[in-house]
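Structure record follows, encoded as structure tokens.
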6 protein chains.
Amino acid sequence: MLNEIWLPTLNTNTPQEGFELAVKLSRLAVMVSQSSDDNRHGARPAQPNDASQLIGAAHVIALNFQTIAAANDWWRQPSSNTE
Amino acid sequence: MLNEIWLPTLNTNTPQEGFELAVKLSRLAVMVSQSSDDNRHGARPAQPNDASQLIGAAHVIALNFQTIAAANDWWRQPSSNTE
Amino acid sequence: MLNEIWLPTLNTNTPQEGFELAVKLSRLAVMVSQSSDDNRHGARPAQPNDASQLIGAAHVIALNFQTIAAANDWWRQPSSNTE
Amino acid sequence: MLNEIWLPTLNTNTPQEGFELAVKLSRLAVMVSQSSDDNRHGARPAQPNDASQLIGAAHVIALNFQTIAAANDWWRQPSSNTE
Amino acid sequence: MLNEIWLPTLNTNTPQEGFELAVKLSRLAVMVSQSSDDNRHGARPAQPNDASQLIGAAHVIALNFQTIAAANDWWRQPSSNTE
Amino acid sequence: MLNEIWLPTLNTNTPQEGFELAVKLSRLAVMVSQSSDDNRHGARPAQPNDASQLIGAAHVIALNFQTIAAANDWWRQPSSNTE
């Protein structure tokens, strides 16, 4: 897909970093869906532009955040917050 | 994303505080989706304005509440309710 | 959000009470989404009025019921059914 | 909501009975959403009538089936199949 | 619902068979939603016919696959692959 | 469905490979939904072409990624990253 390592781990130090990773994953999934035809390469990413689409995007973020939160055992153990 | 710590933990004292955090997270996700283009900064957040959008927003809240509830082990252990 | 305690616990005695709590949570989430602008206060809650919206509302209920069922360990242990 | 006990347990003997319970729960959730205004009482339940709505209904069933499957520990232990 | 046993177990030998079962469950849920009125019997099943509906159908499959994957403990233990 | 083994395992070495598998599964689910009528065989796969559909596709990917992440125990244990 992409010839580089862009997701080495789901671990983050804090819930906030986990949320930011969820946003990143969500945008990437939109991009991947868009570029599945070769002739789409180079097109600018789809941009949600009305309330329904923004809510849909928030839904994807929430789902990815759920995955990342589980991966981090919901940040129950105190960790060194480096931010 | 935002240059401050706004989500230090997913822990809340009560389910109700957890629900309120879910609402906060959901609004933030909508805002983040909206502001992903630089030229959107400053725009007022999308506002759900019909029943379908409100139900969609409630869906996002439900998903975030599910994550937060798991993070708090569903508040099964009695905690000091500070509210 | 609301200056009272309306969700002290996710525990219910029976699946049926859990379902009813899920309905309550879902309606509340719709209300909260609706009232996020100050000028919406006092408006009557959105009412699903076609099949798509009713199915969407049922979806939110199903998601909240999933959360509540987990909170109650799926009511696997017999409890004193007070209803 | 309803003045009778219609959901005493989430336990079923087989996945198939669990699926049927999921269908029942999903229909009930649609009905409950519909009847939340008093003046809706007596109206006939919403009926999905196009492919999008049928898929939406299937989505709600899938979510409830997920909950019920977890409640039954995914029917991993052989049980006396009474059907 | 149907007077035969069509879902005796959620267990499958491989993820692939689990995916196929998820497809079967999803189609069945659409059919069940469609046939809930008696006068629908015999109608041909709804067929997704545009990209949005196909994505919706894929969503239902993904949800059922999640359930089935959990039921099979994500096929972590090597099993005799009979296919 | 397909007369070959295309999903022998849900295990991947890294979250990134898991994400790529989630994309693959999601596309397959769309294809399977499309080809459920015999007369659809050979049609080119549905291609999301607006923001709502791209977000919907991202949603399916997020759900499949959640399943795959669970299957890999969220890649918590360091594994030999072969990529």
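This table checks each residue for (1) modelled with pLDDT of 95 or more; (2) under 20 Å from residue B:69 (Cα atoms); (3) not acidic (Asp, Glu).
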position	(1), (2), (3)
C:39	no, no, yes
C:49	no, no, yes
C:73	yes, yes, no
C:83	no, no, no
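Taken together, the residues in the stretch E:5-18 that are part of a helix (DSSP H, G or I) and under 12 Å from residue E:67 (Cβ atoms) amount to 1.
Contact annotation: residue pairs with Cβ atoms under 7 Å, 6 or more positions apart or on different chains, pairing a residue in the stretch E:59-83 that is farther than 11 Å from residue E:13 by Cβ and of a type in the set (Ser, Thr, Tyr) with a partner that is modelled with pLDDT of 95 or more and part of a helix (DSSP H, G or I), are E:67/D:65; E:67/D:66; E:67/D:69. Please work out if residue E:62 is within 11 Å of chain D (Cβ to nearest Cβ), at pLDDT 95 or above and surrounded by fewer than 24 Cβ atoms within 10 Å (Cβ to Cβ). Judged against the criteria, residue E:62 is not a match.
Looking only at the stretch A:22-29, decide whether some residue is surrounded by fewer than 22 Cβ atoms within 10 Å (Cβ to Cβ), more than 11 Å from chain B (Cβ to nearest Cβ) and at pLDDT below 90. No: the stretch A:22-29 contains no residue that is surrounded by fewer than 22 Cβ atoms within 10 Å (Cβ to Cβ), more than 11 Å from chain B (Cβ to nearest Cβ) and at pLDDT below 90. The lone criterion from (1) surrounded by 14 or more Cβ atoms within 10 Å (Cβ to Cβ); (2) at pLDDT below 95; (3) more than 7 Å from every other protein chain (Cβ to nearest Cβ) left unmet by residue F:12 is number (2).
The values are calculated or read from the model by the stated rules, or taken from the named source; none is laboratory data. Since the structure is predicted, the reported quantities are computational estimates derived from the model, not experimental observations. Cβ: placed from backbone, ideal geometry, glycine included. Neighbour counts: every protein chain shown.
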